[in-house]
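Heads up, the thing below is written out as structure tokens.
Coordinate-derived values only; no laboratory data. Just so you know, these numbers come straight off a predicted model, no measurement behind them. Cβ placement follows ideal geometry from the backbone for every residue including glycine, while neighbour counts extend to all protein chains displayed.
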Amino acid sequence: MPRDLESEKATLEGMPPLSKESEAGPPDPTPLYFLPTEVMDPKFKKMKDLHPYSLLLNQEDLDECDWLEHVAFDPHEAASREKLDYRLHVCGELCTGIFTSSYATAPPPLGPLLRSRTFPGIDSSDSDRKKVLLGHIIATKHAAPLVTDASMDFPKDWRQKYQMTPSAGHNEDGQTICLHSLAIHPDFQGRGLGKVLLKGFTQRMRDSGVAKRVALICHERFVAFYEACGYRKVGPSDCTYAGGGWFDMAIDFEGLKDDPDF
């Protein structure tokens, strides 16, 4: 389920379009989007020192996503490593990370974080510069119009018997993208990263034409966050995951055709 972002205060009003270029971008050659920090709205200058960039995720990012998932979520709500492994393997094109890169000698908050664990290097020519996952979105597709317990699950025999349209987990023919995890590392909340990540993800999913909508579940106190990102509150969810008590949210791409923000 999406990460609860209590400390996010920025709004999407006046946010500039995401760009594929940035003078402050890292030396990685394959980003989906760079954030144009030089023209960033004042509300987003809180992230300028991070120079964030966004990339698709895959199974090679499992260790980082597993770490972030369990740092960002309460234990009973975090997806298991096995479930993350499944999602990154079968539908990594629906999963996005927001990264930064830096050295362990960087000032807080990056420096202490980089010294707290081993992060992957940016490239072999500069082994001291590390790629840090600040946030991620993990998603699958499903046939139902809203997130269900079946869409939250995964087939346990997926490695031996992969199916295009299983009853549980990712359904390749589904028209609903189920956003299961929106996680931002606690040290970097309050900088607008969650809204940037969600807006970029929603825009990319709409432009790709792979589905008709994105659906998610969240706690009631975070409904306003998703509404500020263009999602509508549907009502109480039938999902019982992690004890239930969720609310359904969704955004239909049909209604975004004339929206200049998308």
Next on the checklist: Here is the link list: 130/195; 46/131; 156/212; 46/141; 156/195. Which ones come out longer than 29 Å on Cα distance?
Outcome noted: 46/141; 156/195
Next on the checklist: Through the Karplus equation 6.51 cos²θ - 1.76 cosθ + 1.60, θ set to phi - 60°, convert the phi angles of region 167-173 into ³J(HN,Hα) values in whole Hz; use x for Gly and Pro.
Outcome noted: 6, 10, x, 6, 10, 4, 8
Item to check | Förster-model FRET efficiency, 35 Å R0, residue 76 and residue 161, C-beta, rounded to 0.05 | outcome: 0.75
Checklist outcome for this item: Non-local residues with an amide H under 5 Å from the amide H of residue 102, with H modelled 1.01 Å from N and Pro and chain starts lacking one, are 130, 132
